[in-house]
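Novice: Here it is: the structure, laid out below.
The values are calculated or read from the model by the stated rules, or taken from the named source; none is laboratory data. Note that the structure is predicted; figures quoted are calculated from it, not measured. In this analysis, Cβ positions are derived from the backbone assuming ideal geometry, glycine residues included, and neighbour counts consider all displayed protein chains. Side chains included, ligands, DNA and RNA excluded: accessible areas come from the protein's heavy atoms. Shrake-Rupley method; radii C 1.70, N 1.55, O 1.52, S 1.80 Å.
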Amino acid sequence: VNIGATTGIANISAGNASYASSVNATYNQTVEMQVIYSNLNAANSGLVANDVHIKINIPTTPGTSQVITTDVTGTNTNDVTGQSTVSLNDANQYLEYIPGTTTAKVTNDNGTTSTYNVPDSQSPITNINSAGYLVNNGDPCNAASVTVEAVVVQPGVKIVKQVELANQTNAYVTNNTADPGDTLKYLDRKST
């Protein structure tokens, strides 16, 4: 069964109203990813796409170029892959899925569209649900879409505690051995 799919992304914090293949985003901005699936066969063909799953893979490592990959496939269909890129302004930033933001729109047999809030356990995000989102409607000429949101995050600041003997200068370490009666100096430093 011949299926098609498109992948797009929008920076909704920046007011993007349409999906593109790439966007720019900065710390704490929200981007929305969309995958649209369609059964490309004629309505009278009787060719139903079985067990179609939509998967979205969001990178989990920091970097200025975050490439989101998608995969749409069924048990009796071709495999359609796609990708979108989010360009970040800091190499320490990355994208993090926002729980509860998965939405699916599915074409009904009568041509109307139903919208569903998808539980995270059924999400297309592969590090949450490796099987991806199961599209329940694979009839000819019908379509479905899934959208998810992610926020640009940056690792937080942590405090590193260091110690040195009172009679030392600039000999701070994170682990020190002292004898009874020694006086210690402590230093707290911010680290990112």
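Novice: Only one of these conditions is not met by residue 70: (1) among the β-branched types (Val, Ile, Thr); (2) closer than 21 Å to residue 142 by Cβ; (3) open to solvent by 70 Å² or more (accessible area, probe 1.4 Å). Which number is it?
Specialist: Among (1) among the β-branched types (Val, Ile, Thr); (2) closer than 21 Å to residue 142 by Cβ; (3) open to solvent by 70 Å² or more (accessible area, probe 1.4 Å), the lone unmet condition for residue 70 is (3).
Novice: Next question, about the same structure. Does segment 36-47 contain any residue that is β-branched (Val, Ile, Thr) and surrounded by 21 or more Cβ atoms within 10 Å (Cβ to Cβ)?
Specialist: No, because not a single residue in segment 36-47 is β-branched (Val, Ile, Thr) and surrounded by 21 or more Cβ atoms within 10 Å (Cβ to Cβ).
Novice: A further question on this structure: Please determine whether any residue of segment 17-28 is farther than 19 Å from residue 152 by Cα and either of a type in the set (Lys, Arg) or open to solvent by less than 30 Å² (accessible area, probe 1.4 Å) (or both).
Specialist: No: zero hits.
Novice: Among all residue pairs at least 6 apart or on different chains, which show Cβ distances below 9 Å where the first residue, located in segment 42-65, is farther than 25 Å from residue 138 by Cα and the second is acidic (Asp, Glu) and in a loop (DSSP other than H, G, I, E, B)?
Specialist: Pairs found: 62/90; 64/90.
Novice: Further question: List the number of the failed condition for residue 79; all other conditions in (1) loosely packed, with under 14 Cβ neighbours inside 10 Å; (2) more than 13 Å from residue 152 (Cα to Cα); (3) touching a residue at least 24 places away in the same chain (Cβ under 8 Å) hold.
Specialist: The failed condition is (3).
Quick grid of which residues meet (1) open to solvent by 70 Å² or more (accessible area, probe 1.4 Å); (2) assigned to a strand (DSSP E or B); (3) of a type in the set (Phe, Trp, Tyr):
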position: 101; (1), (2), (3): no, no, no
position: 105; (1), (2), (3): yes, yes, no
position: 114; (1), (2), (3): no, yes, no
position: 140; (1), (2), (3): no, no, no
position: 144; (1), (2), (3): no, yes, no
position: 150; (1), (2), (3): no, yes, no
position: 163; (1), (2), (3): no, yes, no
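Novice: Checking the structure you have, find out if any residue of segment 85-100 is more than 19 Å from the chain's Cα centre (by Cα) and more than 23 Å from residue 22 (Cβ to Cβ).
Specialist: No, segment 85-100 has no match at all.
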